[in-house]
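Please treat every number below as a calculation from the coordinates, not as lab data. For clarity, every value in this text was computed on a predicted model and none was experimentally measured. Virtual Cβ from ideal backbone geometry, glycine too; neighbours counted across all protein chains shown.
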């Protein structure tokens, strides 16, 4: 018997698409690029590089994202401190890299990307990793302030998190030339 989509799945996918559409164009582009790098979906260098600066950024991202497999395997099942250290340190490093690229400008954009890069089971850990990465001194103080103010009290103090995996994974879309009929 084949898998059948439930109405709730379509509604959730649409909600995720709307959330993605609410992000600035640069944030959308960075999320799509990051998913390509994180899942080896395409040749990220060829697809996303527009100049030497972006090429260097993508090379660095590929190197930093090499930690993702370890992070995915180490997401703790509970809040025991022994399990947190080998997981949280690499997650904060990868997060600090992404926040330093000046494209993820809010906790919402960060959460959107990382739920997809790592999976739904990372949700309880994202507020702490985000706050740690956003508070690091490699970011300009004004940037740190803006990032830290973007996380709501509800997100920072949530009593629980959904374990539903994301449905919508944005990808590159080729531009289509439209011609008006004469």
The chain: relative contact order from alpha carbon pairs under 8 Å, six or more residues apart, as a whole percent, is 26 percent
Among [x] 10.5; [y] 9.5; [z] 14.9, only one was calculated for this model; which label is it, if the read-out is mean projected area of the Cα convex hull in nm²? [z]
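Suppose the chain between residue 13 and residue 156 were pulled fully straight at 0.36 nm per residue; how much longer would it get relative to their current alpha carbon spacing? Don't skip to the answer; put the middle values down first.
Working: separation 143, 0.36 × 143 = 51.48 nm, distance 2.41 nm.
Here the answer is 49.1 nm.
Could you order the peptides 123-133, 67-77 from most to least packed, using the average number of other C-beta atoms within 10 Å per residue?
Numbers: 123-133: 20.0, 67-77: 15.2.
So the order, starting with the most tightly packed, is 123-133, 67-77.
Rounded, prolate or oblate: which fits the stretch 1-97, taking a ≥ b ≥ c as square roots of the Cα gyration tensor eigenvalues, rounded meaning a/c under 1.5, else prolate when a/b beats b/c? Intermediate values should be presented prior to the final figure.
Details: a/c = 1.91, a/b = 1.05, b/c = 1.83.
It comes out oblate by the Cα gyration axes.
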Hey, with R₀ at 25 Å, roughly what FRET efficiency would residue 132 and residue 42 work out to, going by the Cβ-Cβ distance, to 0.05? 0.25
